[in-house]
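I have a structure here, written as structure tokens, and I will follow up with some questions on it.
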Amino acid sequence: MNNELYGFSALPRRPRLELPNGARVALWVGLAVEHYAVDRPGMSIAPHAASFVPDPLNAGWRDYGLRVGIWRLADMFERHGLPVTALLNSDVCAAYPEVIEEGVRRGWAWVAHGHNNNRIHQGMSVDEERAALREMHETIRDATGREPRGWIGPVLTETFETPRLLRELGYTYLLDWCSDDQPFPLNVPGGPMISVPYSIELNDATMYLGRNLPGPDFEEAIVDQFEVLYEEGAESARVMAIGLHPFIVGQPFRFKYLERAIARIAGRDDVWFTTSDAIADWYLSRVEQPA
């Protein structure tokens, strides 16, 4: 079947997009703030152990992210003046309240990321998913004091009904569909709803775990991505996303290369350092949406 969520759009035939203050690139950082059940498989640095119960090797590695790595990253982003968009599993709210408190204090944007990163959105009935999404939404709202408006599925999963059910809850954008360098409208009843660019390639999980790249290569990939989008942005605005996991890039030997890349970009002119929420608001306010 064809993808009915959005239609085809050739980049050269679109109207020019203009960012606030004439910026060429809107750059946002998506920081995964996730919970993994200790008795179920999850993202692993040692897949041979992922089926063990318990799995100290991989579970401990993931725990490093919210115990240590996230604080290193949060301080670095503040040093360089970059806002943080937290991709939040709702189970974090009860399991790690200190992280939520600190994110609220620092003014993070909050994107809903399911309950946890073991419970993916596949095989649910409509009623089951509606109830799950409502519970997730209310948990995040009550813990952060803000209504989440954006969604990224655990392991970027959705059902065919997910966008419609999220729209019922007031959501206006998705991050799951990594198919563009600009936002674009989605065909969701009761809209508006859009896709905001997220990168599955410029992502520490893909780069470090999927391809085993060394830190200097990750640094150069970030800068290379930025430079190309910056040049193209002179004609029409581009969006650049950097997807990060505190238990991966928060490790000291990797962290230094991320900070070097951020430092090389942070001083550039004509760049809007922002959040996915703000990008969605900008696009929705300027582009007519389908009914």
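All of the numbers you see were taken from the coordinates with simple rules; none came from a lab. Everything numeric here is computed off the predicted structure, so don't read it as measured data. As a convention, Cβ positions derive from the backbone with ideal geometry for all residues, glycine included, and neighbour counts pool all protein chains shown.
Given the options I194, I222, I248, I262, name the one that is surrounded by 15 or more Cβ atoms within 10 Å (Cβ to Cβ), β-branched (V, I, T), in contact (Cβ under 8 Å) with a residue 24 or more places away in the chain and in contact with an Asp or Glu (Cβ under 9 Å, 6 or more places away or on another chain). Quick ask: steps written out before the conclusion?
Details: I194 fails: in contact with an Asp or Glu (Cβ under 9 Å, 6 or more places away or on another chain); I222 fails: in contact with an Asp or Glu (Cβ under 9 Å, 6 or more places away or on another chain); I262 fails: in contact with an Asp or Glu (Cβ under 9 Å, 6 or more places away or on another chain).
Of I194, I222, I248, I262, the one residue that is surrounded by 15 or more Cβ atoms within 10 Å (Cβ to Cβ), β-branched (V, I, T), in contact (Cβ under 8 Å) with a residue 24 or more places away in the chain and in contact with an Asp or Glu (Cβ under 9 Å, 6 or more places away or on another chain) is I248.
If a residue must be touching a residue at least 60 places away in the same chain (Cβ under 8 Å), part of a loop (DSSP other than H, G, I, E, B) and more than 27 Å from R24 (Cβ to Cβ), how many such residues does region 161-188 contain?
Total meeting the criteria: 2.
Can P216 be described as in a helix (DSSP H, G or I) and touching a Phe, Trp or Tyr at 6+ places or on another chain (Cβ under 9 Å)?
yes
Kindly state which helices (runs of 4 or more DSSP H) lie completely within region 1-95 and contain at least 1 residues that are over 26 Å from I265 (Cα atoms).
Helices (runs of 4 or more DSSP H) meeting the threshold: 56-64, 92-95.
Shifting gears a bit: Every residue in region 198-223 that is under 23 Å from G267 (Cβ atoms) and within 20 Å of the chain's Cα centre (by Cα), please. Spell out how you get there, then give the answer.
At the first step, the residues of region 198-223 found to be under 23 Å from G267 (Cβ atoms) are 199, 202, 204, 215-223.
Selection gives S199, L202, D204, F218, E219, A221, I222, V223.
Within the group A37, A59, A23, A94, which residue is of a type outside the set (F, W, Y), more than 26 Å from I140 (Cβ to Cβ) and over 19 Å from the mean Cα position of the chain (by Cα)? Steps first, please.
Numbers: A37 fails: more than 26 Å from I140 (Cβ to Cβ); A59 fails: more than 26 Å from I140 (Cβ to Cβ); A94 fails: more than 26 Å from I140 (Cβ to Cβ).
The conditions single out A23.
Right, another one. Which of (1) out of contact with any Lys or Arg (no Cβ under 9 Å at 6 or more places or on another chain); (2) more than 27 Å from D39 (Cα to Cα); (3) among the acidic types (D, E) does E78 not meet, given it meets every other one?
Unmet condition: (1).
Another one. Can you confirm whether region 138-153 contains a residue that is more than 16 Å from the chain's Cα centre (by Cα), among the hydrophobic types (A, V, I, L, M, F, W, C) and crowded, with 19+ Cβ neighbours inside 10 Å?
Kept after step one, since they are more than 16 Å from the chain's Cα centre (by Cα), are these residues of region 138-153: 138-139, 141-147.
Within this subset, residues satisfying the condition of being among the hydrophobic types (A, V, I, L, M, F, W, C) are 143.
Subsequent filtering for residues that are crowded, with 19+ Cβ neighbours inside 10 Å retains 143.
Yes, because at least one residue in region 138-153 is more than 16 Å from the chain's Cα centre (by Cα), among the hydrophobic types (A, V, I, L, M, F, W, C) and crowded, with 19+ Cβ neighbours inside 10 Å.
Output the residues belonging to region 1-20 that are surrounded by 11 or more Cβ atoms within 10 Å (Cβ to Cβ) and within 25 Å of E158 (Cα to Cα).
N3, L5, Y6, G7, S9
Would you tally the residues in region 21-67 being in contact with a helix residue (DSSP H, G or I) (Cβ under 9 Å, 6 or more places away or on another chain), surrounded by fewer than 15 Cβ atoms within 10 Å (Cβ to Cβ) and closer than 26 Å to I279 by Cβ?
0
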